[in-house]
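Below: one structure, written as structure tokens.
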Amino acid sequence: MKKSSMRTRVLTGAVAAAALGAGTFGAVSANASAPAAAPAAAVRADAADKNLQQTTHLTVAAATEAAQATLDAAKKENQRVSVAVVDRNGNTLVTLRGDGAGPQSYEAAEKKAFTAVSWNAPTSELVKRLEQAPTLKDIPGTLFLGGGAPVQVKGAPVAGIGVAGAPSGDLDEKFARAGVASLTK
């Protein structure tokens, strides 16, 4: 059996991943994608090595500060919520369960954060997209309820903040936006 070069293996893997992604999410991406102009801003190719990309990520310290700012905003309005901050890849960086927050809020906050960063859009906006593409809600790990907000750098998503536990998705999302706003101060 002939041994493939590293470049051939990387390209083959990339083509296979692209084909799988296109087959799995092709119909969804047409309806759920973020505005076309934004996403390239937080990812750039390394000029010295064309096989590498550099991306922007939120630090754990910044994620923790944003989560705390989110809880503080909810507390000012006497709301008991949980907040989750995920990175660009949807991995949880921080989850805080506020005093008295319901047991369901923890997981819901994570899913809202994941959903917001995945589509680089507030989850309240994504709820509206369900009318055109109702199967979006079937994608594992997502939750199409108000309460998630993307964290953006130059229009590209670098993290997501999700909140759950307030009486409405609008309130959850208001608190998530407070967490996003705390990162720009």
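Order of 162-169, 100-107 by packing, highest average Cβ count within 10 Å first? Can you show the working numbers first?
Details: 162-169: 24.0, 100-107: 15.5.
The most tightly packed comes first, giving 162-169, 100-107.
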The extension gain from ARG80 to ARG177, computed as 0.36 nm times the residue separation minus the Cα-Cα distance, is 33.3 nm
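Rank-order 81-88, 153-160 by packing density, defined as the average count of other C-beta atoms within 10 Å over each peptide's residues, highest first. Write out the running numbers ahead of the final one.
Values: 81-88: 28.1, 153-160: 21.5.
Going by the mean number of other Cβ atoms within 10 Å, highest first, we get 81-88, 153-160.
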To the nearest 20 debye, segment 60-182 has a Cα-centred charge dipole, built from +1 on Lys and Arg Cβ and -1 on Asp and Glu Cβ, of 120
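Order of 133-143, 117-127 by packing, highest average Cβ count within 10 Å first? Walk me through the numbers before you get to the answer.
On the way: 133-143: 13.9, 117-127: 22.1.
Ranking the peptides 133-143, 117-127 by packing returns 117-127, 133-143.
Multiplying the sequence separation of THR56 and LYS154 by 0.36 nm and subtracting their Cα-Cα distance, what value in nm do you get? Spell out each step's value before the answer.
On the way: separation 98, 0.36 × 98 = 35.28 nm, distance 1.04 nm.
Net length gain for the segment: 34.2 nm.
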Restricted to pairs 8 or more residues apart or on different chains, the lysines in segment 60-182 with C-alpha atoms under 13 Å apart form a number of pairs equal to 5
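Convex hull volume of the Cα atoms in segment 60-182, per residue, in Å³?
Working: hull volume 10.8 nm³, N = 123.
It comes to 88 Å³ per residue, whole-number rounded.
Each value in this text was obtained by applying a stated rule to the coordinates, not by laboratory testing. Values in this document were obtained by computation on a predicted structure and should not be read as measured data. Cβ: placed from backbone, ideal geometry, glycine included. Neighbour counts: every protein chain shown.
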